[in-house]
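Asker: Got a structure for you, written out below as structure tokens; questions coming shortly.
The values are calculated or read from the model by the stated rules, or taken from the named source; none is laboratory data. Predicted model, so just to flag it, every value in this text is computed and none were measured. Counting neighbours? That spans all protein chains shown, and the Cβs are built from the backbone with ideal geometry, glycine included. These area figures cover heavy atoms from the full protein model, side chains too; ligands, DNA and RNA do not enter into them. Shrake-Rupley method; radii C 1.70, N 1.55, O 1.52, S 1.80 Å.
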Amino acid sequence: MMGWTCGAIGPGSLMVGGYALRRSLQIRPEPLYRHVLKFLKRDSRVVEAIGKDMQPGKFRAYRYEGYQMMPNRKLQMMFELNGNKHGSTVSVEVSRSFGKFDFELLAVDVKGTGDRIVLSGDVERALNK
């Protein structure tokens with residue numbers, strides 16, 4: 001009986017540990033989208049450019065970079081954000097290491113004015129197509 005218990009607990013513990021490690025490295029688009037949206041609503045430069053009453057638009061797209069069997073290494077995301085002054089397109093490129101987001105690009109392109117507000121990353125950088 002003791003051998004069966006140890007035989008079940010050992011591999012089970014390894015599977016749970018592997019799953020927990022994968023989840024800490026994986027990037028899921030919905031939590032990241034909510035995180036970025038909350039951040040943009042508090043940033044003064046974005047509020048000044050597109051207006052206080054910000055609502056997400058209908059367009060949202062994302063793309064993963066990485067290996068199929070490994071956790072996602074990088075996530076690229078674009079979505080619309082409309083304010084009472086102007087509309088905009090938000091570009092995000094993020095990687096994750098042990099639960100912490102590392103923003104390689106976070107930019108807001110304001111429609112109508114041609115302004116680009118870069119909150120993180122290089123000014124000249126654009127998302128890969």
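Asker: In region 74-115, carbon and sulfur make up what percent of the accessible area (probe 1.4 Å)?
Answerer: 47 percent
Asker: What spacing in nm lies between the two simple spin-label points modelled at Arg116 and Ser13, each 7 Å away from Cα in the Cβ direction?
Answerer: About 5.2 nm, to one decimal.
Asker: Express in nm, to one decimal, how much length is gained between Ala61 and Arg73 on full extension, taking 0.36 nm for each residue of separation and deducting their alpha carbon distance. Display every interim value, and only then the final one.
Answerer: Working: separation 12, 0.36 × 12 = 4.32 nm, distance 1.71 nm.
Residue separation times 0.36 nm, minus the Cα-Cα distance, leaves 2.6 nm.
Asker: Hey, another quick one. I need the peptides 50-59, 6-15 ranked by packing, meaning the mean over residues of other C-beta atoms within 10 angstrom, with the highest value on top.
Answerer: 50-59, 6-15
Asker: Which distance in nm do the two modelled labels at Arg34 and Phe103 give, with both placed 7 Å along the Cα-to-Cβ direction?
Answerer: 1.8 nm
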